[in-house]
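Enquirer: Before I ask anything, here is the structure I am working with.
Every read-out reported here was derived from the displayed coordinates using simple, explicitly stated rules and does not represent laboratory data. Fair warning: this is a prediction, and the values are worked out from it, not measured in the lab. Every residue, glycine among them, receives a Cβ derived from its backbone with ideal geometry; neighbour counts consider all protein chains shown.
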């Protein structure tokens, strides 16, 4: 009996060891992963599927460009406190710091005099002068900068297509940039003209294209400078990269137009809702001025108008955020 029990224990241990060797050992040793890897290498797949799996397909490359543009846009939003000369240059103006300060002081003094002569009081005139001297010039620079960037994005895909076609036809990159600098509309013309002029004084093409982001702080311009700089230093298929960039820019342009069309109803509703109180106030003042004059002659009416203005501002701000889509 002890011999039979020992033999049975030996057979059970041998069977268990065999099962562990067959099923558990390949997982722990990595043989199964190695076999899968060898099978994937030996197995033939279509070139398009392999390119898509490795991230080399055209669609995947465009998605990578979109992700890169979004990252660059997030970094751009974090950049603040730019020098005054840089903000003036980004707005497309040729003012100096002295001219900007003189214009700001002139606007502030003009608003101060106007409000004081109207009878608003010294405090109100000082507030208007401060807003005119510091707020109006900054708002003007921001408005001109945004308008210039919109024009640049409108014509930039066409300029990139010119470079793609020229490179595919065998033209040097410098000749393609000169064509854009001579024939493209503003502000694309002036930006590429600056790149061409920078090359004439000895700056490399990659550095000249990279500096365009300083004058035109857009992720598209930054990506263009990065692509050209890498191609000049390490080589690569410039036409394919810029072609994907052009398609991404056109898709973003279409999406922006579609969003604007879909949000026009909400914008119209916001404008109508915001204009209704003023319209009703004017109509009531025309019909019975003594009834509505209590709003600005009595202390309680002034408090009510201030509260209503605050709530209306909050509502307009919320509606603006609701129709402001990121894409």
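Enquirer: Would you kindly calculate the translational diffusion coefficient of segment 153-298, applying Stokes-Einstein with the Kirkwood radius from alpha carbon pairs, for 20 °C and a viscosity of 1.002 mPa s, and quote it in µm² s⁻¹ without decimals?
Expert: Diffusion coefficient, whole number: 115 µm²/s.
Enquirer: Give me the distance in nm between label points sitting 7 Å out from Cα along the Cα-to-Cβ direction at residue 323 and residue 186, one decimal.
Expert: 3.1
Enquirer: Would you give the gap between the C-alpha center of segment 228-291 and the C-alpha center of segment 124-181, rounded to a whole Å?
Expert: 17
Enquirer: Can you check what the Kirkwood hydrodynamic radius comes to for segment 144-226, Cα pairs only, in Å to one decimal?
Expert: This gives a value of 12.7 Å.
Enquirer: Something else about it: Using a simple spin-label model with points 7 Å from Cα along the Cα→Cβ vector, what separation in nm is obtained for residue 316 and residue 294?
Expert: 2.7
Enquirer: Now for a separate question. Hey, with R₀ at 30 Å, roughly what FRET efficiency would residue 197 and residue 138 work out to, going by the Cβ-Cβ distance, to 0.05?
Expert: After rounding, the FRET efficiency stands at 0.50.
Enquirer: Here's something else I'd like to know. What is the gain in length, in nm to one decimal, between residue 169 and residue 233 on full extension, counting 0.36 nm per residue of separation less the C-alpha to C-alpha distance?
Expert: Contour length minus Cα-Cα distance gives 20.9 nm.
Enquirer: Put a dot 7 Å past each Cα toward the Cβ at residue 250 and residue 274; how far apart are the dots in nm?
Expert: 3.6
Enquirer: Mean shadow of segment 263-327, computed from the convex hull of its alpha carbons, in nm²?
Expert: Across all orientations, segment 263-327 yields a mean hull projection of 4.9 nm².
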